[in-house]
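K.L.:
For reference, the structure I am asking about is given below.
The values are calculated or read from the model by the stated rules, or taken from the named source; none is laboratory data. Predicted model only: the values in this text are computed from it and were never measured. Here the Cβ positions follow ideal geometry from the backbone for every residue, glycine too, while neighbour counts run over all protein chains shown.
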């Protein structure tokens, strides 16, 4: 039988057998990819509508980024921060310019960027604001997803992420997302920062209410509190702007960046801010052996240069409108709500029809890969190199799943 010749079933079984079950992946085994398309071990092609949670904003194996990686692999891959390498200054300078900030602190993963932001905010609070020693607190929003380290899950409101990982790190106050009055009321003399995702990705691409982010910026300025924007998923072209905060003309004190910064090749993250904030760190107080390594910097510098052209932001805006129109055409035909910003969409399926997981499994059978979150919600975040015809194809497959 044909099924007996397929490689996917045994590969899935082996993965399940030898891997801790901290993920519940779709039963597809990818072996190669290019642009917006993936190919599995049995030769079947899939349209990627997840893009590695925005880590693949520039598609799979973007030729400019692959070339930079190959060239750097032949020269130098790691020095540690004990020395300066020849790719470091270009990356930091060009990323700082893209962000409109003085300084950049390179790390590796998004969670490390968030942890770095937390440490910087606390140190700034003690050394600059004069907060009571050991009493610094940070305001966060419910529904947040900033990573999975012990400190970060301490202020998560997702039981799956948080339960049974205590004791939890103190120093955080959770307020409703989008509620400016609650946020302002939570600030006290020991508050050092407000840490927010401009758009809550894991929650289902939840957009902020109009005026919320400018209000947060105003409150933070008035109360001498840092505004720390987690743009790890929303930033670097995903929403049609370089940063999601730009949609409302807001500039945070610290940008937390990651995912797309590594071009889908290497893990790269960074914190960008001005010298009066990032400058509180002194040698020996924070670091990473691999943070800002030569290979990472070579790739990430090319990512910054791609973004500096503005081409990907324009593509995200234009194609995002096409995606929005297609998805809104399915409202009342199996969809109950759609939230879109650029090429990023949260889609709520009528829960009487199917769960988000079931929808993603059925999309997979039709050659489209997406990811569910929270019940009957799925997220669509295709690479920014996707074409208009490919967007139409993805929407058509979702329509077919809903109508089946």
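K.L.:
Any idea which of 189, 202 is touching a residue at least 12 places away in the same chain (Cβ under 8 Å), under 21 Å from the mean Cα position of the chain (by Cα) and in a loop (DSSP other than H, G, I, E, B)?
P.N.:
On the way: 189 fails: under 21 Å from the mean Cα position of the chain (by Cα).
Exactly one of 189, 202 is touching a residue at least 12 places away in the same chain (Cβ under 8 Å), under 21 Å from the mean Cα position of the chain (by Cα) and in a loop (DSSP other than H, G, I, E, B), namely 202.
K.L.:
Quick one: residue 390 ticks every box in (1) surrounded by 16 or more Cβ atoms within 10 Å (Cβ to Cβ); (2) in a helix (DSSP H, G or I); (3) in contact with a helix residue (DSSP H, G or I) (Cβ under 8 Å, 6 or more places away or on another chain) except a single one, so which number is it?
P.N.:
(3)
K.L.:
Right, another one. So for region 8-29 (the condition being more than 30 Å from residue 165 (Cβ to Cβ), under 20 Å from the mean Cα position of the chain (by Cα), crowded, with 16+ Cβ neighbours inside 10 Å and not assigned by TED's automatic domain parsing to the domain that holds residue 289), does at least one residue qualify?
P.N.:
Scanning region 8-29 turns up no residue that is more than 30 Å from residue 165 (Cβ to Cβ), under 20 Å from the mean Cα position of the chain (by Cα), crowded, with 16+ Cβ neighbours inside 10 Å and not assigned by TED's automatic domain parsing to the domain that holds residue 289.
K.L.:
Out of all the residues in region 86-104, which are assigned to a loop (DSSP other than H, G, I, E, B) and crowded, with 20+ Cβ neighbours inside 10 Å? Don't jump to the end; show me each part of the working.
P.N.:
First, pick out the residues of region 86-104 that are assigned to a loop (DSSP other than H, G, I, E, B): 86-87, 100-102.
Across region 86-104, the qualifying residues are 87, 101.
K.L.:
Scanning for something over 19 Å from the mean Cα position of the chain (by Cα), buried (at least 21 other Cβ atoms within 10 Å of the Cβ) and not in a loop (DSSP other than H, G, I, E, B), does region 105-119 turn up at least one residue?
P.N.:
First, pick out the residues of region 105-119 that are over 19 Å from the mean Cα position of the chain (by Cα): 119.
Now restrict to residues that are buried (at least 21 other Cβ atoms within 10 Å of the Cβ): none.
No, that holds for no residue.
K.L.:
Could you please find all residues in region 271-288 being farther than 10 Å from residue 101 by Cβ and surrounded by 12 or more Cβ atoms within 10 Å (Cβ to Cβ)? Before you say what the answer is, go through the steps one by one.
P.N.:
If we filter region 271-288 for residues that are farther than 10 Å from residue 101 by Cβ, which is where we start, we get 276, 279-288.
Those that are farther than 10 Å from residue 101 by Cβ and surrounded by 12 or more Cβ atoms within 10 Å (Cβ to Cβ): 276, 279, 280, 281, 286, 287, 288.
K.L.:
Quick check on my filter: what residues within region 148-176 are surrounded by 15 or more Cβ atoms within 10 Å (Cβ to Cβ), more than 16 Å from residue 193 (Cβ to Cβ) and either outside the structural domain of residue 227 (by TED's automatic domain parsing) or in contact with a helix residue (DSSP H, G or I) (Cβ under 9 Å, 6 or more places away or on another chain) (or both)? Let's see the steps before the verdict.
P.N.:
First, pick out the residues of region 148-176 that are surrounded by 15 or more Cβ atoms within 10 Å (Cβ to Cβ): 148-149, 151-158, 161-162, 171-175.
Now narrow it down to the ones that are more than 16 Å from residue 193 (Cβ to Cβ): 148-149, 153, 156-158, 161-162.
Passing the criteria: 148, 149, 153, 156, 161, 162.
K.L.:
Of all residues in region 205-220 being touching a residue at least 60 places away in the same chain (Cβ under 8 Å) and in a loop (DSSP other than H, G, I, E, B), which is surrounded by the most Cβ atoms within 10 Å (Cβ to Cβ)? It would help to see each step written out before you state the result.
P.N.:
Within region 205-220, the first condition is being touching a residue at least 60 places away in the same chain (Cβ under 8 Å), and the residues that meet it are 205-207.
This time we only want the ones that are in a loop (DSSP other than H, G, I, E, B), so: 205, 207.
Details: 205: 25, 207: 18.
Here the answer is 205.
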